[in-house]
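The structure appears right after this line, and notes come after that.
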Amino acid sequence: MIGLILISIGLLGILVAAVGADYISPVLTGLGGTAVFTAGALLYIWQSRRQKSPAEQNHGLWQKEATSRGASAWVIGFVLTGFYVLLYWFPNTLQGLIQAMEPLSQWLRNRPSDQWFLYGTFYTLAVLIMGVFALLKYRSSRYHIIRTISVMFFQLGFAFLLPGLLLMLNKPEYYFSYFWPLKYDYLFPGTVDYLVRDGAALGVFMVFWGAVFSFLATPVLTYFYGKRWYCSWVCGCGGLAETAGDPYRHLSDKSRKAWRWEVAIIYPILGFVILTTLFLWINSWSEGRLLGDLSGGFASTYGFFIGAMFSGVVGVGFYPLMGNRVWCRFGCPMAAYLGLLQKHFSRFRISTNGGQCISCGNCSTYCEMGIDVRWYAQQGEPIIRASCVGCGICAHVCPRGVLKLENGPREDRYAGSPLIKRDELRILS
Amino acid sequence: MEKINSQEHLVIIGNGIAGVTLAQRVRQGSDCRITMVSAESRLHFSRTALMYVYMGHMRLQDIVPYADWYWQEQKIELVHDFVERVDISQKKLMLRQGDPLHYDKLVLATGSSATYYNWPGQTLQGVQGLVSLQDLELMETNTAGIAQAVIVGGGLIGVEMAEMLRSRGIAVTMLIRDKLYWHNVLPQQEAQLVTDHIQHHGIELLLQEELQEILGDTSGKVRAIRTRNGKELPCQFVGITTGVKPTVEFLKDAGIDIDRGILVNEFFETSQPEVYALSDCAQFRNPAPGQPTMEQLWYTGRLHAEALAFTLLGDRKPYQRGPWFNSAKFFDIEYQTYGTVPAHFTEQHESLYWQNEEATKAIRLLYEKVTARLLGINLLGIRYRHDLCHHWLGQGYTLHEVMQELPAVNFDPEFFQRYEEALLRQYYTRFPDQQPPVKHTNWWELRKRFGLFSDSASC
């Protein structure tokens, strides 16, 4: 109860900062409100999660309206979506909140706060607060404890503190945990040019780092560990999905139709970003003679529809309605790239334990990527799917311990258990 | 036995795991017409998952493993109707709603329902078992707004029901005939561990206690039960989980030999030609020595169906189950068993047993004292690889051979603490002459060496 009171006071403070900046210092109400909200949320999470044993954590998820597309889920969805619309296209309306973050911005970055700093602060707080939620919810599993700490660490350190520190030192702002093609402009000629010119030796290192990760480290790491090393251990989008989005993971659509949409959207987006990058480079080398404004148009179209609309507004705004990995599943070009590597050039798979599956469906239900895990498990087959982000929750919720994420030899990677007869039928033909 | 031909009509009564597996396996090898009839639900669902619907982990549609498109594409017809009776001479099923259904081959996979032992008051409102979809719906109604429940029987369904009721904050008391929970299956130490864990979850266990009668109020609802020892417990719900009995009533006059279940041979053939029965509703006339006459598990339902499918497809094979296995979950503790570990040991038995200090994890390797041959494995809170355990038991491994491959058997998630060391220490203390393995065995090597995988893969 104290936790809920603190949450309410904190929200009121943030509201006052947003609308009442003329009457009372938004720093006091906004920053103070955020601090009180954080304390209240942590207290509430601690109390409500501790009293549930590991097997009780999903009790009532499909019965509570907040987690089953009830009225409050729609409200949260609309509020989140609206926040992204304001953030991307009407940042001036958030002036009060932006001012509220001023002292924090000055302290960390030695420069004025802006809407992206506000966003980064809220985002990081969401990952950290709900990271504690995930740590408590999955406390019986060391895999999930380590993985959750990893996403919290990368969000706080690599996506919040380090970019701020770089700005303080008058260096280019750079996120060492994001790579092309997710952070598509990191390999655009404009960004490369700016980094090298503005950041000097450090800028060259940044470009080098980005290129090495995109083209060398990503295939190598994915070969050994699958896509998960990035999507559910490092990535900020994945970090938010695995923490703040965890209560919504069961809302992903498992139907065959959804899988068809997924394939039809995500690979064209990867193609789109590759083409855009190529055009930009051709344009840059030919100094605009070959393609004219075409490449610039490509880049701004991609930025608007994919970068802002899809990854932000739909990707996070629709958490309470479509699940927490809408962007990762349908939109992210990095996920598409990692997925192709995982499917065809990786040692990773989720093994099924002999003939132990009872087809209960917990694995499929709690798969945030909408994979029908049960389809494979009940036939004693390993699960090897391009979209699998390796979060490991299927293995955690399985009441018979049938699934195990593991890296093994590529030889006979698809072979199933001899203890069960199976269908020679594919879901997508 | 001739293979079922493409003109023939295979009708299966029941769409549980046995009926569905049979339809799938026959379809793989034949173009014959296949119809599945079920009164319970139009689509097959996972019976073992009913508890998760009640607890709000899943919705009813989430426990349906195959969507509509699957049955259409597989050309397996689904009839949602009740079979009133079977006319063997005309090869016809009389349905409650639809027209009579003609069959060429009939498979009875009708399952089972809760067993009642003629307790006074057993028909009061609020008394029920948990087997079918309708039982789940009834349980929703029967438990709405109540405070106390009693569960009769200390088996797997009983503890599932307890977990379900606890999820709604209902106080639960279980009446258990044995000295410990499930002690007719689990040895003393495992049974003690699980008993403690169940109690730790707020379930009251009345051990060595049985149901005498159920007491009702004036409106015909349960108000209390009385135990054998005369204790009266107020409650508004009584869960009956004392086992299941085959669903065979509609076959009374069909002319098929029935004892408790439908009598079958090792090919699942009943006393009538072209009529087969399997899984929960079937009873073996002559089970292999030491084997039960009835096997009423999810896993055996599937195994029966796989065996019968061979026969229907013209490859007449007797049913041979192979090493036993089963699994369950008691609140937070998973249970796996491979091979045979009896509840009570004789002087021929010897075992390595380890459990952690918190009493949440345990491993038992049971072996024959004289030959050291591995007999069975019990696991609590730890997962082993089914394929490898099956191989050990099937190949007649001795404990010494098992210990050489022990590091490869663990199936726990990455980063989990491993407990094989503790077991190995115990082993080397007991067998000081045995040498530690020359090299650390790895699952992937063993899998390859023993060919522990199927060559077919569909994904």
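Taking A:A264, A:A100, A:A377 as the candidate residues, the one with maximal mean-square fluctuation in a Gaussian network model of chain A, Cα springs under 10 Å, is A:A264.
Among the cysteines of chain A, those whose beta-carbon sits 4.7 Å or more from every other cysteine beta-carbon are A:C231, A:C235, A:C237, A:C328, A:C332, A:C357, A:C360, A:C367, A:C388, A:C391, A:C398.
How high is the relative contact order of chain B, in percent, with contacts defined as C-alpha pairs under 8 Å that are six or more residues apart? Write down the numbers at each step before the final one.
Numbers: 909 pairs, mean separation 60.9, N = 459.
This gives 13 percent for chain B.
Comparing Cα centroids, the stretch A:89-111 and the stretch B:23-95 end up 60 angstrom apart.
DSSP bridge analysis restricted to the protein assembly as shown gives an antiparallel fraction near 60%, rounded to the nearest 5.
Can you figure out the FRET efficiency of A:L11 with A:L340, using R₀ = 35 Å and their beta-carbon distance, to the nearest 0.05? List each step's numbers first, then the result.
Numbers: r = 43 Å, r/R0 = 1.23.
After rounding, the FRET efficiency stands at 0.25.
Among the chymotrypsin sites (Phe, Trp or Tyr not before Pro) in the stretch A:240-339, none sits in a DSSP loop with a Cβ that has at most 10 other Cβ atoms within 10 Å. Helical content of the protein assembly as shown, expressed as a calculated mean residue ellipticity at 222 nm, amounts to -11500 deg cm²/dmol (DSSP H runs of 4 or more residues, -39,500 (n - 2.57) each, divided by residue number, nearest 500).
Within 9 Å, Cβ to Cβ, of B:L95, how many net charges do the neighbouring residues add up to if Lys/Arg are +1 and Asp/Glu are -1? Please report the intermediate quantities before stating the final value.
On the way: positive: B:R96; negative: B:D81, B:E84, B:D99.
Taking every other residue near B:L95 into account, the sum is -2.
With a cut-off of 19 Å on the backbone N, the residues of the stretch B:10-53 near the modelled label site 7 Å out from B:E84 along Cα-Cβ are B:13-14, B:37-40.
Count, for each residue of A:400-406, the Cβ atoms from other chains sitting within 10 Å of its Cβ, then give me the mean as a whole number.
Working: counts 10, 13, 4, 3, 7, 2, 5.
Whole-number average of other-chain Cβ neighbours for A:400-406 is 6.
FRET efficiency for the A:A217 to B:L207 pair, using the beta carbon distance and R₀ = 41 Å, is estimated at 0.10.
Here the Gaussian network model covers chain A, with springs between Cα atoms less than 10 Å apart; of A:H396, A:H144, A:H59, A:H59 fluctuates the most. The label-point distance for A:K64 and B:T115, in a model that sets each label 7 Å from Cα toward Cβ, rounds to 4.1 nm. Each part gets one Cα centre, and for the stretch B:362-387 versus the stretch A:367-409 those centres are 26 Å apart. Taking Cβ atoms as reference points and 13 Å as the exclusive limit, the residues near A:D114 contribute a net charge of 0, counting Lys and Arg as +1 and Asp and Glu as -1. What residues from the stretch A:306-341 fall in the zone where the backbone N is under 11 Å from a label point 7 Å along the Cα-to-C-beta line of A:F224? Answer for this model: none.
Starting from 0.36 nm per residue, how many nanometres of slack lie between B:L133 and B:K231 once their C-alpha separation is accounted for? Walk me through the intermediate numbers first.
On the way: separation 98, 0.36 × 98 = 35.28 nm, distance 3.27 nm.
Stretched out fully, the B:L133 to B:K231 stretch lengthens by 32.0 nm.
Considering only B:L406, B:F325, B:W443, and ranking their Cα positions along the charge dipole of the stretch B:323-449 that arises from unit charges at the beta-carbon of Lys, Arg, Asp and Glu, the one farthest toward the positive end is B:W443.
Within the listed set A:K257, A:K52, A:K343, the Gaussian network model of chain A (springs between alpha-carbon atoms below 10 Å) gives the highest mean-square fluctuation for A:K257.
Filter the cross-link list A:K254/B:K361; A:K404/B:K179; A:K404/B:K369; B:K3/B:K252; A:K254/A:K421 down to pairs whose alpha-carbon distance in this structure exceeds 31 Å. Before the final figure, lay out each step's value.
On the way: A:K254/B:K361 34 Å; A:K404/B:K179 36 Å; A:K404/B:K369 34 Å; B:K3/B:K252 29 Å; A:K254/A:K421 24 Å.
Beyond 31 Å between Cα atoms: A:K254/B:K361; A:K404/B:K179; A:K404/B:K369.
Placing R0 at 51 angstrom, the Cβ-Cβ distance between B:H349 and B:F415 gives a FRET efficiency of 0.90 after rounding to 0.05. Among residues other than B:Q283 with Cβ under 14 Å from its Cβ, the summed charge is -3 (Lys and Arg +1, Asp and Glu -1).
One equal scatterer on each Cα of chain B, no solvent, Debye formula: the resulting log10 I(q)/I(0) at q = 0.09, 0.12 Å⁻¹ is -0.69, -1.18. Sites listed here are chymotrypsin sites (Phe, Trp or Tyr not before Pro) in the stretch B:322-373 whose DSSP assignment is loop and whose Cβ has at most 16 other Cβ atoms within 10 Å: B:F345. The label point for A:A200 and the one for B:Q97, both projected 7 Å from the Cα toward the Cβ, are 8.1 nm apart. Loop-located chymotrypsin sites (Phe, Trp or Tyr not before Pro) in the stretch A:4-74 (DSSP state other than H, G, I, E, B) with a sparse environment of at most 10 neighbouring Cβ atoms within 10 Å: A:Y23.
Counting Cβ atoms of other protein chains within 10 Å of each residue's Cβ and taking the mean over peptide B:62-68 gives 6. Projecting label points 7 angstrom from Cα along Cα→Cβ for A:I149 and A:I24 puts them 4.0 nm apart.
Taking the Cα centre of chain B as origin and charging only Cβ (+1 Lys, Arg; -1 Asp, Glu), how large is the dipole, in debye to the nearest 20? Please list the in-between numbers first.
Details: 44 positive and 55 negative charges, 44 e Å.
In debye, rounded to 20, chain B gives about 220.
Extension gain, B:Q395 to B:S6: 0.36 nm times the residue separation minus the Cα-Cα distance gives 136.1 nm.
Put a plus charge on the Cβ of each Lys and Arg, a minus charge on the Cβ of each Asp and Glu, and nothing anywhere else: the dipole of chain A about its Cα centre is then about 1440 debye. Our note on the geometry: Cα centres of the stretch B:179-216 and the stretch A:303-352, 47 Å apart.
Read-outs throughout are calculated quantities, based only on the coordinates presented, and are distinct from any laboratory measurement. This one's a predicted model, so the numbers in the text were calculated from it and none came from an experiment. Cβ atoms come from the backbone with ideal geometry, glycine included; neighbour counts cover every protein chain shown.
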